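I have placed the structure first, in the form of structure tokens, so that the comments after it can refer back to it.
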Amino acid sequence: MTPQSLRLARSIAGTIVPMVFISCAQAANDAVQARQAAPRVIGKDSSWSLRLPKDDKVIYRGVVSFDEAGVGNRQITYPAPNAVGMLAAVLTHGAIVGSMRDSQKNKLQEAADKVLLPYRSVLDSYKHQELMRRGLEKTFTGGSKKLVESTEKPGADWFIESAPVFSITQDQTAIILDNSASIYAPNAPSAAAYQNTVTVVSLAKEGTDLATFWTANSGEKLKEESASLLAESLDIILSEMASGPSKEGNPYKTVRYFEGTTEKMERGQLISERCGRVLIKTLRGGLMSVPARRGTATAPASDCADVPGNLK
């Protein structure tokens, strides 16, 4: 390594390492602030608002597997005479590998999105205003609820920010929602009382022409299913926020479920099994509601009237 390269490496390390410590310190401070805004139970008659996202159009994607989005076993060797040079080399290598993986992921996603072609006439005009209005009507939590504009700020009521992203399986039998949400307690606009991402997988539909099934009548089936997924995600995150951290006694288990007709598995902490659905907290801390496998014992139908988003 030339003297110029060594100076550059030291400069990079001297800039990045402090940034890492600063970021960690800031994250810890943010966590403390969030804990200070202690969650409170949203009562039966509590009022809450759901804010529209800034982007008008609802986001849909094709389900894609990123298992092949690697860069092989290619090794890049950087001469590093000392620890500072080694750190700079590792960071540089990581940036190159990350860029290559991102490029591969983008190509895979573009290919997966071709499944959406039959849905374009519906999706191009499907707005968050319609989705969230329908979803809000399907929620069980609280009393008075309203949809507010993207410019609205948290105020005297419970306040929810929601960023839903939907995916359609390649066999077109199911829809998956990934909803990142933040909840603000009344009169506490400076820090979210609770934040998490909820994934909700719909029950697989059967049929030979599913594109027609989903898009018939201006996409009514697609819109209703999407609204039900959104409603379930909102009820789940509100319930989780109110109940506090999961009890240590909740078992961790491997949950097997179907994402459309493809069998999947997820390891996590079991929260509930009711009405043909399983709710878990994943090892990453997110929440997942998935269809129970056939033969799994869950609560009888008579106990399902008040289950959030009760997807049928």
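The values are calculated or read from the model by the stated rules, or taken from the named source; none is laboratory data. Not measured: the values here are computed from a predicted model. Note: ideal-geometry Cβ built from the backbone for every residue, glycine included; neighbour counts use all protein chains shown. All accessible areas refer to the heavy atoms of the entire protein, side chains included, with ligands and DNA or RNA removed. Shrake-Rupley method; radii C 1.70, N 1.55, O 1.52, S 1.80 Å.
So, in the stretch 256-272, how many residues would count as being within 22 Å of Leu230 (Cβ to Cβ), out of contact with any helix residue (DSSP H, G or I) (no Cβ under 9 Å at 6 or more places or on another chain), assigned to a strand (DSSP E or B) and not aromatic (Phe, Trp, Tyr)?
Residues of the stretch 256-272 within 22 Å of Leu230 (Cβ to Cβ): 257-260, 264, 266, 268, 271-272.
Within this subset, residues satisfying the condition of being out of contact with any helix residue (DSSP H, G or I) (no Cβ under 9 Å at 6 or more places or on another chain) are 257-260, 264, 266, 268, 272.
Keeping just the survivors that are assigned to a strand (DSSP E or B) gives 257-259, 264, 266, 268, 272.
Of the ones still in play, those that are also not aromatic (Phe, Trp, Tyr) are 259, 264, 266, 268, 272.
Within the stretch 256-272, residues that are within 22 Å of Leu230 (Cβ to Cβ), out of contact with any helix residue (DSSP H, G or I) (no Cβ under 9 Å at 6 or more places or on another chain), assigned to a strand (DSSP E or B) and not aromatic (Phe, Trp, Tyr) number 5.
Tell me, which strands (runs of 3 or more DSSP E) wholly within the stretch 136-186 include 3 or more residues that are over 18 Å from the mean Cα position of the chain (by Cα)?
145-148
When you look at Glu110, is it acidic (Asp, Glu), at pLDDT 90 or above, surrounded by fewer than 16 Cβ atoms within 10 Å (Cβ to Cβ) and not in a helix (DSSP H, G or I), yes or no?
On the way: acidic (Asp, Glu): yes; at pLDDT 90 or above: yes; surrounded by fewer than 16 Cβ atoms within 10 Å (Cβ to Cβ): yes; not in a helix (DSSP H, G or I): no.
So Glu110 does not fit the description; no.
Could you check the stretch 193-215 and list, in sequence order, the residues that are open to solvent by 30 Å² or more (accessible area, probe 1.4 Å) and hydrophobic (A, V, I, L, M, F, W, C)?
Leu203, Ala204, Phe213
Does the stretch 113-135 hold any residues that are part of a loop (DSSP other than H, G, I, E, B) and among the aromatic types (Phe, Trp, Tyr), and which are they? Don't jump to the end; show me each part of the working.
Initially, the stretch 113-135 is screened for residues part of a loop (DSSP other than H, G, I, E, B), giving 124-126.
The one that is part of a loop (DSSP other than H, G, I, E, B) and among the aromatic types (Phe, Trp, Tyr): Tyr126.
State yes or no: is Ala292 small (Gly, Ala, Ser), more than 22 Å from Trp158 (Cβ to Cβ), touching a strand residue (DSSP E or B) at 6+ places or on another chain (Cβ under 9 Å) and modelled with pLDDT under 75? Working first, answer last.
Values: small (Gly, Ala, Ser): yes; more than 22 Å from Trp158 (Cβ to Cβ): yes; touching a strand residue (DSSP E or B) at 6+ places or on another chain (Cβ under 9 Å): yes; modelled with pLDDT under 75: no.
Answer is no for this residue.
Does Ser190 satisfy the criteria of being modelled with pLDDT under 95, open to solvent by 20 Å² or more (accessible area, probe 1.4 Å), in contact with a Pro (Cβ under 9 Å, 6 or more places away or on another chain) and part of a loop (DSSP other than H, G, I, E, B)?
Numbers: modelled with pLDDT under 95: yes; open to solvent by 20 Å² or more (accessible area, probe 1.4 Å): yes; in contact with a Pro (Cβ under 9 Å, 6 or more places away or on another chain): yes; part of a loop (DSSP other than H, G, I, E, B): yes.
For Ser190, the condition - modelled with pLDDT under 95, open to solvent by 20 Å² or more (accessible area, probe 1.4 Å), in contact with a Pro (Cβ under 9 Å, 6 or more places away or on another chain) and part of a loop (DSSP other than H, G, I, E, B) - is met.
Note down all Cβ pairs under 7 Å where the first residue falls in the stretch 151-172 and is of a type in the set (Asp, Glu), the second is not in a strand (DSSP E or B), and they're at least six residues apart or on different chains.
Matching pairs, first to second residue: Asp157/Ser47; Asp157/Pro186; Asp171/Gly260; Asp171/Thr261.
Kindly evaluate Ser233 against the criterion of being surrounded by 12 or more Cβ atoms within 10 Å (Cβ to Cβ) and modelled with pLDDT of 95 or more. Walk me through it before giving the result.
Details: surrounded by 12 or more Cβ atoms within 10 Å (Cβ to Cβ): yes; modelled with pLDDT of 95 or more: yes.
Yes.
Which condition does Ser289 not pass, out of (1) in contact (Cβ under 8 Å) with a residue 40 or more places away in the chain; (2) open to solvent by 40 Å² or more (accessible area, probe 1.4 Å); (3) part of a strand (DSSP E or B), if it passes all the others?
(2)
For the stretch 197-208, how many residues are part of a strand (DSSP E or B) and on the phi > 0 side of the Ramachandran plot?
At the first step, the residues of the stretch 197-208 found to be part of a strand (DSSP E or B) are 197-201.
Next, from what is left, pick out any that are on the phi > 0 side of the Ramachandran plot: none.
Result for the stretch 197-208: 0.
Is it the case, given these coordinates, that Lys253 is closer than 22 Å to Ser167 by Cβ and either open to solvent by 40 Å² or more (accessible area, probe 1.4 Å) or modelled with pLDDT of 90 or more (or both)? Walk me through how you get there before you give the answer.
Details: closer than 22 Å to Ser167 by Cβ: no; either open to solvent by 40 Å² or more (accessible area, probe 1.4 Å) or modelled with pLDDT of 90 or more (or both): yes.
Judged against the criteria, Lys253 is not a match.
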